[in-house]
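Peer 1: Sharing a structure below in structure tokens format, with a few things to ask.
The values are calculated or read from the model by the stated rules, or taken from the named source; none is laboratory data. Everything quoted here is computed from the prediction, not taken from an experiment. Counting neighbours? That spans all protein chains shown, and the Cβs are built from the backbone with ideal geometry, glycine included.
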């Protein structure tokens with residue numbers, strides 16, 4: 001099956017804006033996270049190979065490699081989020097005429113809900129990774145393009161906050177209390193850590209623009 | 001000339017992540033703003049025509065029309081941001097051998113800087129419009145998809161903050177003090193208003209998810 005990233009940007013926007021439920025908030029957030037990561041990658045690429053930044057080159061090369069892995073992972077997760085939605089819709093269509101059917105449907109529903117919560121949580125973790133890399137690059141990346149590390153930081157934090165709304169939707173319907181408690185705790189940690197990293201990275205960027 | 005939105009999503013991300021300076025932070029922010037707007041549009045589309053939301057249909061139709069105008073405008077502004085960058089590069093290449101050449105280059109540079117500041121300011125204004133529409137839709141849009149209005153709000157605010165970094169870069173180089181003062185004031189107003197609208201829209205979305 002072709003990937004949603006094969007669509008032109010215009011086509012992607014058109015289908016996202018339409019009444020088709022996919023791509024929805026989860027996959028759009030993952031793409032937004034990819035765009036954030038692309039800015040970190042661009043600034044790393046504009047730093048590597050420049051005489052002026054020779055001293056930081058080994059670290060910037062490492063950042064470059066890691067941000068490329070972030071982008072590849074977000075591409076997979078965009079497709080996975082769309083697939084989860086399809087799975088969920090399939091479960092909704094399961095019959096519920098007999099007690100046995102009802103029990104099977106309810107069990108499958110709990111599985112689907114957990115899976116549809118794991119994916120946005122993983123997207124948020126990868127967005128946090130992008131923020132960590134933006135933070136590392138903010139002080140050492142090419143000054144002539146450093147504002148784009150700030151773009152990456154603002155946009156990655158928003159992608160993280162946005163995708164966690166999918167977690168907020170699903171948790172009230174999940175009956176496994178231990179799972180819910182752990183997911184909530186991780187959600188809160190991700191939000192707090194992302195805000196901290198964004199503020200730090202943007203402050204460093206602003207100081208280097210001044 | 002073909003538009004950058006004609007690229008596939010994958011190609012766009014690849015060129016954004018490369019050492020090619022365009023698409024840079026300004027145009028990526030505009031695309032991020034378009035993705036935010038697409039989520040507002042999707043929820044409006046999922047509300048119109050539903051019996052349950054008949055009472056709010058006239059207002060939701062109005063929101064839908066306005067968010068579609070936002071998306072069309074952001075597509076134009078993405079291309080314009082890339083064009084501004086090219087113009088700026090042309091000015092940098094102007095000769096500066098004689099006093100006359102230097103004066104002409106300096107004057108053209110001031111023009112180019114103002115133009116390269118007006119475009120991100122306009123992108124930020126359009127992102128604010130998207131936030132206003134997200135806020136209007138948050139209380140009345142289809143509850144089954146309302147989290148995606150929250151996605152739109154988070155992402156539109158980030159696009160606005162991100163694109164204003166381009167304003168921050170240019171202002172210190174602009175000599176027209178009245179222009180600088182006005183741009184700074186508008187910048188600060190946009191940031192404050194965007195934060196307010198995002199917080200309001202997300203709070204309403206969260207209350208409807210609970």
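Peer 1: So which residues in the stretch B:39-60 are in contact with a helix residue (DSSP H, G or I) (Cβ under 8 Å, 6 or more places away or on another chain) and farther than 19 Å from residue A:11 by Cβ, if there are any at all?
Peer 2: B:43, B:44, B:46, B:47, B:48, B:49, B:53, B:59, B:60
Peer 1: Among the numbered criteria (1) without any contact (Cβ under 8 Å) to a residue 12 or more places away in the chain; (2) more than 13 Å from the chain's Cα centre (by Cα), which one does residue B:63 miss?
Peer 2: Evaluating residue B:63 over (1) without any contact (Cβ under 8 Å) to a residue 12 or more places away in the chain; (2) more than 13 Å from the chain's Cα centre (by Cα) leaves (1) as the failure.
Peer 1: Take residue B:136 and decide whether it is at pLDDT 95 or above, away from chain A (no Cβ under 11 Å), in a helix (DSSP H, G or I) and more than 13 Å from the chain's Cα centre (by Cα).
Peer 2: Taking the combined requirement at face value, the residue satisfies it.
Peer 1: Now for a separate question. Which condition breaks for residue A:141 when tested against (1) under 30 Å from residue A:106 (Cβ atoms); (2) outside any helix (DSSP H, G or I)?
Peer 2: Status for residue A:141: all satisfied but (1).
Peer 1: Mind checking which residues of the stretch B:149-174 are facing chain A (nearest Cβ under 9 Å) and farther than 30 Å from residue B:64 by Cα?
Peer 2: Result: B:168, B:169, B:172.
Peer 1: Quick check on residue A:158: is it at pLDDT 95 or above and part of a helix (DSSP H, G or I)?
Peer 2: Considered against the rule, which asks whether it is at pLDDT 95 or above and part of a helix (DSSP H, G or I), residue A:158 comes out as yes.
Peer 1: Residues of the stretch A:175-196 being under 21 Å from residue A:133 (Cβ atoms) and either within 14 Å of chain B (Cβ to nearest Cβ) or without any contact (Cβ under 8 Å) to a residue 12 or more places away in the chain (or both), which ones?
Peer 2: If the condition is that a residue be under 21 Å from residue A:133 (Cβ atoms) and either within 14 Å of chain B (Cβ to nearest Cβ) or without any contact (Cβ under 8 Å) to a residue 12 or more places away in the chain (or both), then A:189, A:190, A:191, A:192, A:194, A:195, A:196 are the ones that fit.
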